[in-house]
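Down below is the structure, laid out as structure tokens.
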Amino acid sequence: MTGTDDCAPDPLVLTLAAQLTVDQHRDRPDRTYERGTCQQCTEEGCPQLDWAERTLADLTARGGRA
Ligand SMILES: [Zn+2]
């Protein structure tokens, strides 16, 4: 795997997965981080949430529908 776009997942699927992850981790009125949502959550944050927010930002920057 070299990470080229040749084998990139469908951007729509990526967007939906990332949005779902963010929603799960910020299911509060003030949208702050909620620990313990998934098995990767730690005291300081969650690598999965980091991935989701990075992915959404990246897709938005590339003109995707986030
Ligand atoms: Zn998590």
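The values are calculated or read from the model by the stated rules, or taken from the named source; none is laboratory data. Because the structure is a prediction, the values reported are computed rather than measured. Neighbour counts run over all protein chains shown; Cβ positions are idealised from the backbone, glycine included.
Within the stretch 42-66, take every residue that is part of a loop (DSSP other than H, G, I, E, B) and not hydrophobic (A, V, I, L, M, F, W, C) and give me the one that is surrounded by the fewest Cβ atoms within 10 Å (Cβ to Cβ).
Filtering the stretch 42-66 for residues part of a loop (DSSP other than H, G, I, E, B) gives 42-46, 62-66.
Going one step further and asking which of them are not hydrophobic (A, V, I, L, M, F, W, C), we end up with 42-45, 62-65.
Numbers: Thr42: 9, Glu43: 5, Glu44: 7, Gly45: 13, Arg62: 9, Gly63: 8, Gly64: 14, Arg65: 8.
So, considering only residues that are part of a loop (DSSP other than H, G, I, E, B) and not hydrophobic (A, V, I, L, M, F, W, C), the one surrounded by the fewest Cβ atoms within 10 Å (Cβ to Cβ) is Glu43.
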Every pair of residues 6+ apart whose Cβ atoms lie under 9 Å, when the first sits in the stretch 16-41 and is surrounded by 13 or more Cβ atoms within 10 Å (Cβ to Cβ) while the second is β-branched (Val, Ile, Thr) and not in a loop (DSSP other than H, G, I, E, B): Ala17/Thr55; Ala18/Thr55; Thr21/Thr55; Thr37/Thr21; Cys38/Thr21
Qualifying residue in the stretch 6-14 (condition: β-branched (Val, Ile, Thr), away from the ligand (no atom under 14 Å from the Cβ), at pLDDT 90 or above and out of contact with any Gly (no Cβ under 7 Å at 6 or more places or on another chain)): yes
